[in-house]
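Asker: Have a look at this one before I ask anything.
The values are calculated or read from the model by the stated rules, or taken from the named source; none is laboratory data. In this text, all values refer to a predicted model and were calculated from it rather than measured experimentally. With ideal geometry, Cβ positions are generated from the backbone for all residues, glycine too; neighbour counts draw on all protein chains shown.
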């Protein structure tokens, strides 16, 4: 020390060294502080970038969550409820992940990858600005439990709204109040969180500006001491200065990178974002907003936002700024989320938007608002399509059922409720087995589950049971519902109630196999059952029998008493037949008055006898029709398997042949088939075959039998009678071919032929002999039902130029007893035409004397069966006497047919009978012979 004192130069050197050392120490201290500041700025820039990204993501998701809650409150459809609830749950999950990142750090992914530097929660909080930001972070973290509680609240809201939909219109009065209060609670939590998310965005921008200012201050500080330090410490601190400059450059680079990434985030987000000041003037706008609105940023900034893009409501009415939800936040800070308004583009078009308006605070005062929005045109269209689809499903006439993968019902539409009788709330959560009946085979269900569990669809028919126990049929289409990954999430069943169709099918099947009148098996089912009986007989070596039954004279009953009466008779006959056979025997109706009885499990032919006799006896009691008693008999033919045939067609044909044999034997009996009977059936088939085309081949000819005036013994007319000579069959009797023509309808053209020939021939005789000859023509009941009969007669009268008074039409009593109105009309028209009507074969049918008085008969013809024994049988004489007296009393002329002796003629003359015909005078003869007879014998004594 003394030496230093002693050497001034040394002291100066030491002082200079100490000064330099002090400067170096100060320089090092300043450099160290600057480096610390640079590190702090870099860390905070990274954190600010992370907070911006997280805040924006949470803000957007909260916006969507609030929109979902709003949507939930308006739903009235269960399927749409499920969709919106899923959207809300997805948003809530991402919000909770964002809060967890703020608390713990880590990686958060939501469209844009957001990387936070690896930090724990302590240094994340410590790196926020104090004390303000620390309190802010705590506020955000405190909202975490509230957000997590939303899971439970949202589930409760979902259940309440679902109950409201299911119970509508009978939901409890307090249900809507509970829903409203719960929505209010949820929205409060969402709004608070959304406000804080908005603050995160705002705070990140403000803090970034502060960091920039601090960096500028640090940069100025560095510039102020940089040159002196370099000059003074040129050789001592170059390394330290180099480190400092490198760190500052890195800070600048990090800040620029953060700003670029933030700008990239705003530029690339699909949502439109703009800010307004407290007057509603636009302060900033991102590219998406500019693009959607059609304005450049310069055209939007410093313009009244509401007047430019928000001036008109969706209904076209003016939207005052004072009512604008977007600007209302500037007054009281109330956050609004809206999805039912329009924004207007520069070109004058509009588009629906979903937007949220959040306040911007500065030192506790609202200084503006940030609005983010999205074009929801596609969503609105999708929602409209969904609503249309849901409405279509609800209004669909087919049932729609959706279950989860466990088979528990989650949704049913209105058609399901109508069809099954169950309300939706009665089946939700339950298995579709509640509809199961025991009538659907288990194999159906096995096939069903095998198909849908393998990812395939299933189609089929199920018979289910309604709530009230009634069975019903459904045609079902069941298929798995898969998500985008191909995983099955639900099962969908679309079912159509086909109960009516099944009833119709059953009815059609019944109609195809059963007679509609008697409800007996028809020909088709009879042949099928007969085939089964034959197979069983072959298998068991048994016999079987076919009984072919035909009602005797049923045609007369049907024609005389109306078809309605005939139908009643057939129904009664069918009932008696069923009561006369064994329980396993089959009684069927082939058609008309023909029935078939099938007997199986026979050991001998004798077993058929008591059954056949019982059937005949069942017809002995009179049938009662409309208060009248009627005796009806039946003729039966029997064929035996295997002796008379080994197939259904042959057995039926042979039984039919045996039945005709019973008819020929006098009816009301039965006959077993014999091979000799085939000759008779062959004859009938030959007659039927030759009748076809016989008229065209001119094989028919008219014969005439004279009718005499008994008192004058003079020919006054003829009866025309049809004869048939076939080159193969020879002469065919009328009683053989006429019934066949009536059955086949050939009687109509034959009748027209007879009318034309008889009238024209008679007209020739009248002209030749100058006599008013009359001609009698037989008209069958089938002809009388022909609506063209009157026209044919009028045409023939005109064609032949013969007066109508020369025509006599002979009809049987059966025509009159039908009771049809057309009978009255036809007889009245014929009478007005001047044609004489004769009642033919009087006394042989179901005579009703009242008809003689009711209808305009001119003649009454007594049947030959009463004339034959008139001279020897007192009973016949009395009947003839009474008939003549009755006819005269009614002013009707009497004609006797079948007169063969002078005694008969004389007796009839004594009783006052006016006309007669028979072999006593002449048999029926051809027209040529009749002409010769008229020329030579107009007065006859005997033939």
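Asker: Mind checking whether some residue in region 745-752 is within 30 Å of residue 637 (Cα to Cα) and surrounded by fewer than 18 Cβ atoms within 10 Å (Cβ to Cβ)?
Answerer: Looking through region 745-752, at least one residue is within 30 Å of residue 637 (Cα to Cα) and surrounded by fewer than 18 Cβ atoms within 10 Å (Cβ to Cβ).
Asker: Now for a separate question. Quick check on region 700-737: of everything there that is free of Cβ contacts under 8 Å to residues at least 40 places away in the same chain and in contact with a helix residue (DSSP H, G or I) (Cβ under 8 Å, 6 or more places away or on another chain), which residue is farthest from residue 803 (Cα to Cα)?
Answerer: Checked region 700-737; the qualifying residue farthest from residue 803 (Cα to Cα) is 726.
Asker: Before we move on, is residue 422 outside the structural domain of residue 358 (by TED's automatic domain parsing), more than 20 Å from the chain's Cα centre (by Cα), at pLDDT 90 or above and within 19 Å of residue 473 (Cα to Cα)?
Answerer: Spelling it out, residue 422 is indeed outside the structural domain of residue 358 (by TED's automatic domain parsing), more than 20 Å from the chain's Cα centre (by Cα), at pLDDT 90 or above and within 19 Å of residue 473 (Cα to Cα).
Asker: Right, another one. Look at residue 459 and say whether it is at pLDDT 90 or above, part of a strand (DSSP E or B), assigned by TED's automatic domain parsing to the domain that holds residue 412 and surrounded by fewer than 16 Cβ atoms within 10 Å (Cβ to Cβ).
Answerer: Yes, satisfied.
Asker: May I ask you to list the residues in region 427-436 that are touching a residue at least 24 places away in the same chain (Cβ under 8 Å) and farther than 18 Å from residue 458 by Cβ?
Answerer: 428
Asker: Suppose the filter is assigned to a loop (DSSP other than H, G, I, E, B) and surrounded by 14 or more Cβ atoms within 10 Å (Cβ to Cβ); does residue 422 pass it?
Answerer: Details: assigned to a loop (DSSP other than H, G, I, E, B): yes; surrounded by 14 or more Cβ atoms within 10 Å (Cβ to Cβ): yes.
In short, yes.
Asker: Give the residue that is modelled with the highest pLDDT, with candidates limited to residues of region 887-912 that are closer than 29 Å to residue 850 by Cβ, in contact with a helix residue (DSSP H, G or I) (Cβ under 9 Å, 6 or more places away or on another chain) and surrounded by fewer than 16 Cβ atoms within 10 Å (Cβ to Cβ).
Answerer: 912
Asker: Only one of (1) in a loop (DSSP other than H, G, I, E, B); (2) within 60 Å of the chain's Cα centre (by Cα); (3) more than 24 Å from residue 774 (Cα to Cα) is not met by residue 856, so which one is it?
Answerer: For residue 856, the exception is condition (3).
Asker: Now for a different question. Can you find a residue in region 340-348 that is without any contact (Cβ under 8 Å) to a residue 12 or more places away in the chain and either touching a helix residue (DSSP H, G or I) at 6+ places or on another chain (Cβ under 8 Å) or loosely packed, with under 12 Cβ neighbours inside 10 Å (or both)? Spell out the reasoning first.
Answerer: Kept after step one, since they are without any contact (Cβ under 8 Å) to a residue 12 or more places away in the chain, are these residues of region 340-348: 348.
Cutting the leftovers down to either touching a helix residue (DSSP H, G or I) at 6+ places or on another chain (Cβ under 8 Å) or loosely packed, with under 12 Cβ neighbours inside 10 Å (or both) gives us 348.
Within region 340-348 (the criterion being without any contact (Cβ under 8 Å) to a residue 12 or more places away in the chain and either touching a helix residue (DSSP H, G or I) at 6+ places or on another chain (Cβ under 8 Å) or loosely packed, with under 12 Cβ neighbours inside 10 Å (or both)), the answer is yes, since at least one residue qualifies.
Asker: Moving on to the next point. Return the residues of region 321-339 that are surrounded by fewer than 18 Cβ atoms within 10 Å (Cβ to Cβ), outside any helix (DSSP H, G or I) and more than 45 Å from the chain's Cα centre (by Cα); say none if nothing qualifies.
Answerer: 333, 334
Listed here are the residues, each with its yes/no results for (1) at pLDDT 85 or above; (2) more than 25 Å from the chain's Cα centre (by Cα); (3) not in a helix (DSSP H, G or I).
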{"residue": "378", "(1), (2), (3)": "yes, yes, no"}
{"residue": "390", "(1), (2), (3)": "no, no, no"}
{"residue": "393", "(1), (2), (3)": "yes, no, no"}
{"residue": "448", "(1), (2), (3)": "yes, no, no"}
{"residue": "455", "(1), (2), (3)": "yes, yes, yes"}
{"residue": "468", "(1), (2), (3)": "yes, no, yes"}
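Asker: Take the residues in region 266-310 that are over 23 Å from residue 367 (Cα atoms) and in contact (Cβ under 8 Å) with a residue 24 or more places away in the chain; name whichever of them is farthest from the chain's Cα centre (by Cα).
Answerer: By that ranking, first place goes to 295.
Asker: Condition first: within 18 Å of residue 472 (Cα to Cα) and part of a strand (DSSP E or B). Now tell me which residues in region 395-419 satisfy that.
Answerer: Correct list: 399, 400, 401, 412.
Asker: How many residues does region 307-320 contain that are under 20 Å from residue 284 (Cβ atoms) and surrounded by fewer than 19 Cβ atoms within 10 Å (Cβ to Cβ)?
Answerer: 2
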